[in-house]
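Following: one structure in structure tokens, then a few remarks.
The values are calculated or read from the model by the stated rules, or taken from the named source; none is laboratory data. These numbers come from a predicted model, not from an experiment. Neighbour counts are summed over all protein chains in view; Cβ atoms, including those assigned to glycine, are modelled from backbone coordinates with ideal geometry.
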Amino acid sequence: MLNATNRGLLITVLLLGALLLLRVGQQTMIDPSGFDLPSFDSADVPLMSVCELKRCASFRRNDEGVWTFASESENEPVDQARIKQVIEAWSSGASTRYKVASEVSGHVSPVFGTISDTTRTIRFERKEDDEIVSLEIGSEAPDGGHYVQREGDRALYVMKIPRLDLLTTQRLAWVDRDALRQRASDLEAFGLLNRHGQIDMARDGKDWSVVVPDGTQADPRAVERLLDEIGLLSTLPEMRGEDSDRAREEGKDQPRVTVWSRRNGVVSTYHFGGATSDGQFVHVVREGARDMFLAEQESFDRLDISADQIRDHALLDFVPVEGSALSWSRGDAAVTLTLSTRWFGSEGPAPEALPMALSALHPLRELAPLSHLPAGDPVAELILTGPAGRQVVRVWESTDQGSPCTVNGHTAVISPRVVARLDALLLPE
């Protein structure tokens, strides 16, 4: 029989043993810690890719240190800053927050969000198959971060993903749009053919002019918008062969808008056909390519325009440069000023009124339209001579709505304040 002391010692030993076993059991239930991705020098990464199940955005750095699309058939300029941001964000290394499961069968795990249709793989390589980082990124975890798996590891982890906002497989997101715009600006000519008719434009130096329809003066801002759209045509995503064949069978290749451009004598032509079933995209045929492409419906809308939509509706275009002349007359009084002689100088009538008069010319670019002119003859006349040629503004007596006028043959209304400032030039010396 154990005495009270021995019984107490035995109970204490048993309790300590139970606590130890419990602790060991707890330790076996806790998943081991996650992993740390290695840090690396961004200069050691000549290859990078972001992939999904059906497409990849892959890049390589050439001998000059410039990033390009890895495929030789993709010659669009790559956004160098975007590549740099991604690599630098990962170069300092990244760590998992915790381990979710030690074994996940394949890629399909609806609970953890790593279904193959939604995952992305980010990969940095020194050379082909010499990986620095290869990580598969699943969906967002409930408490933040994203589920991830790494190459050769069937466990599942949660990690905060560096610059996740930049990790897309959409090629257009990686394209240097400024470079595309510059490339489009270097075109020799381009044109549209749609339900509204034909628009053809040609470049002379840096200036674009409308060839068809004849006599149309183009708004430079409208031309820039068209060049932006044409520059992005080379970035359209290509459809898979079977999808392209099916679209042709359904007649989606029948053109509704045709866009052509010429650079160095080489003509590129795109035909915008039928829309997709959801109405978000339009099928595109590029002459010389077997498979079709997809463009956003908004791109189609921006090209389905009439000549009037690119027309420069400014009634007056005057730039005061050397040799420009301003002539204002009312009745028998008249004054003519020429830049580099009396312009902005102390000579001439009412020189202090001249800056005010010149500032008044800017609103003449956008005048309120007028359906008809009042009876009688004009009472004043403004003649401007400059780079745009000779432009004439004839002014009638002011009414409650303003001063009726004609600007290069168009009827409009200008503010009486503009007329008053020009009249100030007629004050005697």
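Quick notes on this one:
- Restricting the stretch 275-310 to residues that are surrounded by 15 or more Cβ atoms within 10 Å (Cβ to Cβ) and of a type in the set (G, A, S), the residue that is farthest from R248 (Cα to Cα): A307
- For the stretch 187-228, the tally of residues that are assigned to a loop (DSSP other than H, G, I, E, B), surrounded by 13 or more Cβ atoms within 10 Å (Cβ to Cβ) and touching a strand residue (DSSP E or B) at 6+ places or on another chain (Cβ under 9 Å) stands at 6.
Results for (1) in the same structural domain as T235 (by TED's automatic domain parsing); (2) under 26 Å from I230 (Cα atoms), shown as yes or no for each residue.
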| residue | (1), (2) |
| --- | --- |
| Q149 | no, no |
| G152 | no, no |
| Y157 | no, no |
| I161 | no, no |
| L166 | no, yes |
| T169 | no, yes |
| Q182 | yes, yes |
| L187 | yes, yes |
| F190 | yes, yes |
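- Selection status of E322, at pLDDT below 90 and in a loop (DSSP other than H, G, I, E, B): yes
- Checking the stated criteria, P237 turns out not to satisfy the condition of being in contact with a helix residue (DSSP H, G or I) (Cβ under 7 Å, 6 or more places away or on another chain), surrounded by 14 or more Cβ atoms within 10 Å (Cβ to Cβ), under 18 Å from D312 (Cα atoms) and not acidic (D, E).
- Condition check for G106: loosely packed, with under 14 Cβ neighbours inside 10 Å and either touching a Lys or Arg at 6+ places or on another chain (Cβ under 6 Å) or modelled with pLDDT of 90 or more (or both): no
- In the stretch 217-248, residue farthest from F293 (Cα to Cα) [restricted to those that are among the polar types (S, T, N, Q) and out of contact with any Ser or Thr (no Cβ under 9 Å at 6 or more places or on another chain)]: T235
- Residue list for the stretch 161-178, restricted to those being at pLDDT below 85 and part of a loop (DSSP other than H, G, I, E, B): Q170
- Taking the listed residues V111, V100, V158, V86, the one that is aliphatic (A, V, I, L, M) and at pLDDT below 80 is V111, with no other qualifying.
- On the stretch given as the stretch 392-406, residues that are under 43 Å from the mean Cα position of the chain (by Cα), at pLDDT 80 or above and not small (G, A, S) total 5.
- Number of positions in the stretch 80-103 that are in a loop (DSSP other than H, G, I, E, B) and buried (at least 19 other Cβ atoms within 10 Å of the Cβ): 1
- Top-ranked residue in the stretch 179-224 [being basic (K, R) and in contact with a helix residue (DSSP H, G or I) (Cβ under 7 Å, 6 or more places away or on another chain); ranked as modelled with the highest pLDDT]: R183
- Of the residues making up the stretch 59-100, those that are in contact (Cβ under 8 Å) with a residue 60 or more places away in the chain, under 14 Å from V133 (Cα atoms) and among the β-branched types (V, I, T) are V86, T96.
- Of all residues in the stretch 296-310, exactly one satisfies the criterion of being in contact with a His (Cβ under 9 Å, 6 or more places away or on another chain) and free of Cβ contacts under 8 Å to residues at least 60 places away in the same chain, namely D308.
- Verdict on F293 being within 30 Å of T338 (Cβ to Cβ) and either out of contact with any helix residue (DSSP H, G or I) (no Cβ under 6 Å at 6 or more places or on another chain) or outside the structural domain of G191 (by TED's automatic domain parsing) (or both): no
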